[in-house]
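Report on the following structure.
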Amino acid sequence: MRYRVLGGTGVEVSAYCLGTMMFGSVGNPDHADAVRIIHSALDRGINFVDTADMYSAGESEEIVGKALRDPRRRDETVLATKVYFPVGGDGPARGGLSRRWIVRAVEASLARLGTDRIDLYQVHRPDHRTDVEETLDALGDLVTQGKIRAFGCSTFPAERIVEAHAVAERRGLRRFRTEQPPYSLLARGVETAVLPLAQRYGMGVLTWAPLASGYLSGAYRKGREVDLSRGRAAITPHRFDPALPENVAKLDAVERLALLADEIGCSLPELAVAFAAAHPAVTSVILGPRTMEQLDGLLKGAALVLDDDVLDRIDAIVPPGTDLYRADGVWRPASLTEPSLRRRPLGERAASDA
C-alpha cells in the first residue's frame, strides 16, 4: 500500500481509506463481522478509517471504536469522522455547523469511538445558516484543546471552499485541510474546479462513492432487470429506473467501461477505484465494503496501473468534468432548494407598478 501526506499535515495515509458507512443497521449489522473487516483492512496496509456520527445513527462509530480498542491499533490508525447531520433526535437546535452543535457532537463522537482524539474531523455538508467564521473558530478551538488533530470539509462546492479559505486568512483562523468529494468514472464534475482548488490550497482529498452507488460494481447492467423495491434503488428509484433517459446514459457508459475493463484484464470495480486513485489531487480513495468479500475484491486491484491510453479511452466514454451520475446526498445550495431566495415578494416582481 502506498502512503501519501494528507493535506500538508505531515500525516501519511494509505492511498485507500476504509469507509464504514455500511457498518451498522443500514448495511452490515453484525458488529463482530464488521470489526473483522476493519482489522483485515488494517492488517493489509490501510491505515486510514473514515466514519461519521450519522452513519447508522452513531452505530458505525461504535463499531469503529470496538475495532480500535487496542491502543496499538488506535495509535497506528488515522481516524476520521464527521459532523453536520442531526443525531439522536430532531429539533431546531440539532445539526448544522454552529459552535453549539459542533462542541456537543464532537463529545458524543469521542464517546462512541472510545478515544480521546479524532485525527481528522470533517464538516459533512455546508451550512448556509451558519457563518463559516463561527465554524472555523469552533474547530480551531477543538484543535487547541487536543480533541481533534486537523479538520476538513466534505462535498463543498468550489465557491464555499474559496470562501472558507479567504475567511481563515482574513481572520487568522485555522483552515480546512481536506475535502471529501464524490468522484468516480460516472461523476467527474469535481475535476472542473474542486480538485484544482484542492491542489492550489494544498488540501488533501478523500474521494467517496468510487462505485457510484453500485453502478460500477456490476450490479446494474443494460438489459438487466432492476429491483426498485430494495436497497438504494428503493430509496431513490429515479436514480436507478432503467426507463429514464438519464439512467440509460449511465448504463450505456457502464457497458463501454465494462468492455474496457475486460480488455485490460481487470474487473469493473477495480477499474473504477484505480481511476479515482490516478488523479494527482486525490490523496486517498474511500472504499465502502459491507462484506469481507467486497473488501477482498476491491483490494485485489490495488496494484492496477492505468496507462495514458486507458485513461484516454475513459475520457472518450465519459469526458473530463462530466457528471452522468449525481451521488446520493450531494449538497444543493439554499439558492436552489429554498424558493424564497430566488423569488421576489409577489408585489415586487413586475418591472412596473402601473
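For the range 85-131, taking the residues that are open to solvent by less than 60 Å² (accessible area, probe 1.4 Å) and at positive phi, the one that is farthest from the chain's Cα centre (by Cα) is identified as G91. Candidates are the residues of the range 169-180 that are more than 23 Å from the chain's Cα centre (by Cα) and touching a residue at least 24 places away in the same chain (Cβ under 8 Å); the one that is surrounded by the fewest Cβ atoms within 10 Å (Cβ to Cβ) is R171. Among the residues of this structure, A261 does not count as one that is among the small types (G, A, S) and within 30 Å of P157 (Cβ to Cβ).
Residues checked against (1) part of a helix (DSSP H, G or I); (2) within 18 Å of V143 (Cα to Cα); (3) at pLDDT 95 or above:
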site: R69; (1), (2), (3): no, no, yes
site: R73; (1), (2), (3): yes, no, yes
site: T81; (1), (2), (3): no, yes, yes
site: P92; (1), (2), (3): no, no, no
site: W101; (1), (2), (3): yes, yes, yes
site: R104; (1), (2), (3): yes, yes, yes
site: E107; (1), (2), (3): yes, yes, yes
site: D119; (1), (2), (3): no, yes, yes
site: H128; (1), (2), (3): no, no, no
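Among the numbered conditions (1) at pLDDT 95 or above; (2) under 30 Å from S60 (Cβ atoms), the only one that P237 does not meet is (1). When each of G7, G45 is tested for being of a type outside the set (A, V, I, L, M, F, W, C) and either part of a strand (DSSP E or B) or in contact with a Lys or Arg (Cβ under 6 Å, 6 or more places away or on another chain) (or both), the lone residue that passes is G7.
If you go through the range 205-251 and keep only what is farther than 29 Å from T51 by Cβ, open to solvent by 50 Å² or more (accessible area, probe 1.4 Å) and either touching a strand residue (DSSP E or B) at 6+ places or on another chain (Cβ under 9 Å) or touching a residue at least 40 places away in the same chain (Cβ under 8 Å) (or both), you end up with just E246. Within the range 140-151, residues that are within 19 Å of T77 (Cβ to Cβ) have Cβ atoms under 6 Å from residues that are acidic (D, E) in these pairs: R149/D119, counting only partners at least 6 apart in sequence or on another chain.
Looking only at the range 132-165, filter to residues that are among the hydroxyl-bearing types (S, T, Y) and part of a helix (DSSP H, G or I); which one of those is farthest from the chain's Cα centre (by Cα)? This residue is T144. Within the range 181-204, being more than 18 Å from the chain's Cα centre (by Cα) and in a helix (DSSP H, G or I) holds for R200, Y201.
The values are calculated or read from the model by the stated rules, or taken from the named source; none is laboratory data. Computed from a prediction, not measured in an experiment: that's the story for all the values here. Neighbour counts are summed over all protein chains in view; Cβ atoms, including those assigned to glycine, are modelled from backbone coordinates with ideal geometry. We work out accessible area using only protein heavy atoms, side chains counted, and drop any ligands, DNA or RNA first. Shrake-Rupley method; radii C 1.70, N 1.55, O 1.52, S 1.80 Å.
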